[in-house]
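Working notes, beginning with the structure itself.
All of the numbers you see were taken from the coordinates with simple rules; none came from a lab. Predicted model only: the values in this text are computed from it and were never measured. FYI the Cβ positions are ideal-geometry reconstructions off the backbone, even for glycines, and counts take in every protein chain you see.
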Ligand code: SF4
Ligand code: SF4
Ligand code: SF4
């Protein structure tokens, strides 16, 4: 399968099934499009078609380049993976990551919070006890098979509201690593309100990644992320985040400034640029996941505006990169040479199988987005997974289980989308969320264009 | 080549031969929590080499 597009002055051809990316001139762009429609077209026919516009020698030269890429398995390849490699249902899976919702409570009242300010679908508030957390880590170790690296995210609500337990759990995890031959990679996501020096020091020693929630410009952030009193949180958290990020940068550690954009800041590129202007350089900004009825939800008519924003952001990134003050944007990061194998690319996000969400009481759900929805309660860290039928459904969620994905050029980058989004919009986990797909495709195109632009530089 | 510049990428066909070990991160987890991108993840096997 071929996908062609033009962006920022580049003619880009993706050979989807081999993962090859070609930057081509205008003539080759047209020739490839013609051949994609009809592979039986002969060189002579194509020369006849274009000789008024291009010299014959040029056309033949371009065609010979096209044919040699074809021979090398880099153009006009087919999907050879579908039947050959993966029997998804039979595939054994191990649990390799847990999202520990240590606090179903929050000290902010963000308007779009999918966790309903920590109550998750109106459930009770509460903090995870050390005993439950310890059991969760034991559960993870016991179900992780030969997998060495185990990921644990401290999440919420606001996990710093249960900080004493987080500290103890990290210590417990470290204490069993050697004996169990495992390595824990801890991550914490925080709104910053309770951050202090002690917490930063601890995280710099123990956490592989720290995700700081910030929505961008002060007015945008304060509108969506106020305290329960209605007062904004921007002024309180910015200095702490700046300090924390600077420390992690100096230590070579990962962090993300992570935001959510909604219908209220469709010009979100300005918010990402605002992050960069504040000195942050590892950035992420996501479209909100919300029911269509919410006033802040992304609407179909917002899509053209949002796509343009990704272009604006990309151009600014390229400009700053060339000036030596570049930043990374999570959704534009594509590792072309060191990226995942095809199995990983096809097998979906891992929710419900490799990745599970845990409530403060130890209940297990397919991922943090399903927490609190009783229909998806899988079991608990104490007595394991009872609903293997649900796990089997999630096992089968992959690129090939979704009709739209089979014909989508982004499938090897996207892996079939988000099961929770699909459930929110269609009441089933193996469908796709069209607005999300439109934006995902745009991001993949833009990310590749950035690679092209930087490659041309060199 | 004069008309076409090919960026270097990991061949997906080749990755079929030695892949699927499962050591890499789950996709949602790495930064975003509402995400579905795997293209930006790092293969632990390639990292080792
Ligand atoms: S670590 Fe690499 S080879 Fe192993 S499953 Fe992940 S992407 Fe594939
Ligand atoms: S963008 Fe949508 S259709 Fe394309 S692979 Fe992702 S989920 Fe499937
Ligand atoms: S279902 Fe969606 S939110 Fe849950 S792990 Fe998968 S991509 Fe992430």
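In units of the rule-of-thumb radius 2.2 N^0.38 Å, the stretch A:125-263 shows an alpha carbon radius of gyration of 1.14.
With only the Cα atoms considered, the protein assembly as shown has a convex hull volume of 150 Å³ per residue. Take each residue of peptide A:345-352, count the partner chain Cβ atoms within 10 Å of its Cβ, and average: the result is 5. DSSP finds beta bridges in the protein assembly as shown, and of those with both partners inside it, around 40 percent are antiparallel. For residue A:403 and residue A:42, a Förster radius of 30 Å and the Cβ-Cβ distance give a FRET efficiency of 0.30, rounded to the nearest 0.05. Per-residue mean of foreign Cβ neighbours for A:18-24 is 6 (Cβ atoms of other chains, 10 Å radius). Here the extension length gained between residue A:386 and residue A:294 equals 29.7 nm, from 0.36 nm per residue of separation less the Cα-Cα distance. Using a simple spin-label model with pseudo-atoms 7 Å out from Cα toward Cβ, residue A:219 and residue A:243 lie 3.0 nm apart.
Our note on the geometry: Cα centres of the stretch A:398-428 and the stretch A:230-280, 30 Å apart. Calculated on the Cα set of the stretch A:95-170, radius of gyration then Dmax: 13.3, 41 Å.
The calculated 222 nm mean residue ellipticity attributable to helices in chain A amounts to -12500 deg cm²/dmol, summing -39500 (n - 2.57) over DSSP H runs of n ≥ 4 and dividing by all residues. Give the separation of the Cα centroids, the stretch A:166-205 to the stretch A:81-150, in Å. Value for the Cα centre distance between the two parts: 16 Å. Shape class of the stretch A:2-78 from the alpha-carbon gyration tensor: oblate, with a/c at 1.5 or above and b/c at least as large as a/b. Every pair of different Cα atoms in the stretch A:210-267 enters the Kirkwood calculation, which places the hydrodynamic radius at 12.3 Å. Per residue of A:332-338, other chain Cβ atoms within 10 Å of the residue Cβ number 6 on average. Distance between the 7 Å Cα→Cβ label points at residue A:328 and residue A:227: 3.5 nm.
In plain terms, the residue of A:303, A:199 with the fewest other Cβ atoms within 10 Å comes first and the most crowded comes last, giving A:303, A:199. With a ≥ b ≥ c taken as the square roots of the eigenvalues of the C-alpha gyration tensor of the stretch A:411-458, please select rounded if a/c is under 1.5 and otherwise prolate if a/b is larger than b/c or oblate if it is not? Taking the square roots of the gyration eigenvalues as a ≥ b ≥ c, the stretch A:411-458 is prolate.
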